[in-house]
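Structure record follows, encoded as structure tokens.
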């Protein structure tokens, strides 16, 4: 009998910034590839001047003819935001639910010139067969409408991908996470569960979205003036609650901020948002209505500098000024990294005379990911043979893996993998079988580059100590100085200390040039010598290391 | 009868970075000035290359002969860290408790060359009379030994300054906050209470420091391997608990990290730390002792890059490598701004195989400031006529003021002031009577400057988009180009995209120079023209705004 080596299923998370598999993941079996999600990441503070980060897709470009499709779990930026960049290089079909599809199309209209996208709309229960894969979408609750998990049937077994999820049994919009379907799958046998680890640190259950209504209710009842609410525009269920509670309190709602206006428009047209009759009002109504009849719904929950709420806080908003009696509700948590911006906004609003209510003071927000008891329930229902925590930084994955082990899963069946790791599955085994380079591409204006390229290192050096540029002209043959020595600094030293320091530096350069007068003049050698000397000189006098650029023109 | 205008008491918080009055405050009456605290602040992420920030003391230098003394409430950096910079310009006596004094002296040894400090040691109950002021120290609980509040008797009334405080009725080290003395003062009449607002957001009571012992006890009992603990070195009561619990579990403690070694040395010599017999061990013991007999106490609770814990996490520590079975305890919270560094450290430790226990997972830390019920109790005991929240960002002050009003204080007797505001007191009134400029000085190596100077703005511009330097030599009379055009970039564009972009830029420069060939050549005009053209050119091609520096040498 000829030996026949069966194919293996390969799972590779990509993305590169630590939130494993959140932005992109690939599944490969015998020449067929499917991609799950195509998201972007926002830069951290060590990445000045970077607009966004996207997964490097060299690995996809090399295999472009084998990619069957991109499957989108939901419409958040960290799951769809890379599509304009990717689809411009890779013409593959995209499968997404209605709301995600709308958001993708809007995004492509703005940034996808020349792309002719094929975006197929799917809904809960739909099954898509592509090559060796059959992909079924099942509804999960998350902080955006129409979020999905995936059931992926493959020749070696079934993979369940949770998407981003929580178990809200009374969601404000859409269906609860389909526990019945998951139990059914569990009974039939699941090879591996890939599950959202974002809140693996939090014990208990994440509160239901509806609980926010109670807080909003109380706030609107107590506020004698206007109530100004900000939240994530894509958190449509929160917007729905704001509209409902406002209507109940006979307050009319004015929307401010482009993102919020657009999202409400999209969500209403697509049928997710049910707008109570006559709840919206226009700018001209604001001066007519008594303040206790007004709600303002604004962008700016992350303290974004050009958002409506920040413009209000800074007295730069065209229509709205804070007056005493205003209550501001921050119905969102700051995304890590945004805390300082959000705090500054809150401080400014208080300073203007508002009362501000935020997460530390009242339950004005609940988050969109499951806590530990929900994570356990999912594992218990799906009963996977192998468990792979995804969507989290390493500590979240570790804690989620530990949770699975604490429920009795054998340690060797639990895999904490990182971006680029190749996790290989057969019908009866799983193992880490190598690693590919899973890099990150930065987007900086029209520029693109590898996150590890020198540009970012240089930016950080420039940021830390500034730059000194030295310029002089020297005679090619005699080495004689033909010009003044021109020294300019940027971001290095303040005017009061600068004069004497630069005068002294010039003297040192003169000495260095004189010592080196020989013919013919070797430009690079001279430049390097002056540069080394100046770096030492500046360090001695300032204990700083400015970037020193010496340009000696030889004529 | 001649009209006699009585003197007023003036209170002015200084410091400038939003944590009002935390770092420095002055009190002035009829030509006498006392200063309370002299702390530094750490830079935020928008301040690259800045080591520390200190209050600008022009206002003190102008009044140097009227300053009677500097009163230190406790030895944290944000209350003493500016002393080396200030005492080098201002020879005034400093009054501090024993532990704070020790820390100040250590600090001055390192950074105070040439200073002959006069630092007088005081203790709880001591009273210092200087000019019109009499200052009494009273003990408060905080996260460092020997913390004090101040009772300041003035001709217009008594001011109570809480210092940084919590109400721990069973402190691990030192005395509980002296509620009796405060009640006594309250009965006699207090003009104004200045009170710590740091945790005005938190309801209830801050847990007692001793509660951490219970968690540590459980962790040490359960850990089958080594327990590695990090905390703030100055949190001596935590160190004490680690030593006690270790001794109870027959574990020996190895100290790693300079700051921790020094602090334990200081605290032991000064009598604050009681070291159980034979609890410490040396590096050479580590390989001999079974792992469940070892505790490592390390610096690095804030993820500081050169700290012991971070070196351990990065496999760079000389004596210690993480092995499976190790448990790491982060017995501290990240100071705002340090979250990313701390998370990275935790992730690395998990990756190395350790189990890491941090604040989100167990009560391994309690903080050092009072929560809302404690703040209320202080107000109730002291019964001040006027209330001034201090030590907090604006929202904390606002919430603390709101708390005071909610207890029945008349709104007009509650003052939310900011750095630079002059709060004026008479025996029967208080009012904001103007504002002085309360700036912040940055320290960057040996350089000093105003935080609002151009240097920081330039650093941020450089960081965002990098720099382009252009150099050429032109004949003075003919305008003819005598050299090649030299273009260099730093932090702007990566190699693959750079070549063509710079070639094209050179062509544009050539055209610009040719158009402008006239005699005599006006260097500045030519440079400005080329710079403007290049800025537009680069923006068109990259959508970025690099700093363009054009140097045209005219010979």
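Every number in this text was worked out from the coordinates using simple rules, so none of it is lab data. Here the structure is a predicted model, which means the values were calculated and not measured. In this analysis, Cβ positions are derived from the backbone assuming ideal geometry, glycine residues included, and neighbour counts consider all displayed protein chains.
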Expressed in nanometres to one decimal, the distance between label points 7 Å along Cα→Cβ at residue B:224 and residue B:64 is 6.7
Beyond 23 Å, the calculated P(r) of the stretch B:33-148 holds a percent of Cα-Cα pairs equal to 29
Quick note on B:473, B:140, ordering by fewest other C-beta atoms within 10 Å, gives B:473, B:140
In whole angstrom, the spacing between the Cα centers of the stretch A:194-230 and the stretch B:386-414 equals 27
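Taking Rh as the Kirkwood radius computed over C-alpha pairs, what is the Stokes-Einstein D of the stretch B:399-553 at 25 °C in a medium of viscosity 0.890 mPa s, expressed in µm² per second?
Details: Rh = 20.4 Å.
It comes out at roughly 120 µm²/s.
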Listing B:143, A:203 by rising number of other beta-carbon atoms within 10 angstrom, fewest first, gives A:203, B:143
Taking the alpha-carbon centre of each part, the distance from the stretch A:243-312 to the stretch B:427-479 in Å is 40
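Would you work out if the stretch B:448-493 is rounded, prolate or oblate? Take a ≥ b ≥ c from the square roots of the eigenvalues of the alpha-carbon gyration tensor; rounded if a/c is under 1.5, else prolate when a/b is larger than b/c, oblate otherwise.
Details: a/c = 5.34, a/b = 2.08, b/c = 2.57.
Because a/c hits 1.5 or more and a/b fails to exceed b/c, the stretch B:448-493 counts as oblate.
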So the angle from the long Cα axis of helix A:179-188 to the longest Cα principal axis of chain A, reported in degrees to the nearest 10, equals 90
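How high is the FRET efficiency between residue B:91 and residue A:511 when r is their beta carbon distance and R₀ equals 51 Å, given to the nearest 0.05?
0.80
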Restricted to the stretch A:1-143, the DSSP antiparallel beta bridge percent, nearest 5, is 60
Mean Cβ-within-10 Å packing, highest first, puts peptides A:503-510, A:320-327, A:112-119, B:306-313 in the order B:306-313, A:320-327, A:503-510, A:112-119
Here the FRET efficiency for residue B:113 versus residue A:431, based on Cβ atoms and R0 = 56 Å and rounded to 0.05, is 0.35
Rounded to the nearest 5, the percent of antiparallel DSSP beta bridges in the stretch B:466-554 equals 45
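Among bridges DSSP assigns within the protein assembly as shown, what percent are antiparallel (round to 5)? Write down the numbers at each step before the final one.
Values: 98 of 188 bridges.
Around 50 percent antiparallel, to the nearest 5.
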Inter-part gap, Cα centre of the stretch A:1-80 to Cα centre of the stretch B:124-186, in whole angstrom, is 60
Shortest first and in nm, the label-point separations between residue A:545 and its counterparts in the other identical copies (7 Å out along Cα→Cβ) come to 3.0
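Roughly speaking, what is the stretch gain from residue B:361 to residue B:528, that is 0.36 nm per residue apart minus the C-alpha to C-alpha distance, in nm to one decimal? Could the numbers behind the result be given before it?
Details: separation 167, 0.36 × 167 = 60.12 nm, distance 5.89 nm.
Between residue B:361 and residue B:528, full extension yields an extra 54.2 nm.
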Cα-based Rg and Dmax for the protein assembly as shown, in Å, come out at 32.4, 125
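Using the eigenvalues of the Cα gyration tensor, what equivalent ellipsoid semi-axes result for the stretch B:466-554 when each is taken as the square root of five times the eigenvalue, whole Å, largest first? Mind dumping the intermediate values first?
Details: eigenvalues 111, 28, 24 Å².
They are 24, 12, 11 Å, listed from largest to smallest.
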In nm, the gap between the two label points placed 7 Å beyond Cα toward Cβ at residue A:500 and residue A:175 is 7.7
Cβ density ranking, 10 Å radius, fewest first, applied to B:523, B:226 yields B:523, B:226
If one compares the long axis through the Cα atoms of helix B:236-248 with the longest principal axis of the Cα atoms of chain B, the angle in degrees, nearest 10, works out at 70
Applying the gyration tensor rule to the Cα atoms of the stretch A:211-357 (axes a ≥ b ≥ c; rounded if a/c under 1.5, else prolate if a/b exceeds b/c, else oblate), the class is rounded
Sorted shortest first, the nm distances from the residue B:457 label point (7 Å along Cα→Cβ) to its counterparts in the other copies are 3.2
Classified through the alpha carbon gyration tensor (a ≥ b ≥ c as square roots of its eigenvalues; rounded if a/c is under 1.5, else prolate when a/b is larger than b/c, else oblate), chain B comes out oblate
The helix B:394-406 Cα axis meets the longest alpha-carbon principal axis of chain B at an angle in degrees, between 0 and 90 and rounded to 10, of 30
at residue B:413 the sorted inter-copy label distances (label 7 Å from Cα on Cβ side), in nanometres, are 6.9
For B:429-437, B:70-78, ranked highest to lowest by mean beta-carbon neighbours within 10 Å, the order is B:70-78, B:429-437
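For a Förster distance of 60 Å, can you work out the FRET efficiency between the beta-carbons of residue B:376 and residue A:488, rounded to the nearest 0.05? All intermediate terms of the calculation are to be shown ahead of the outcome.
Working: r = 58 Å, r/R0 = 0.96.
Taking R0 as 60 Å, the efficiency between residue B:376 and residue A:488 is 0.55.
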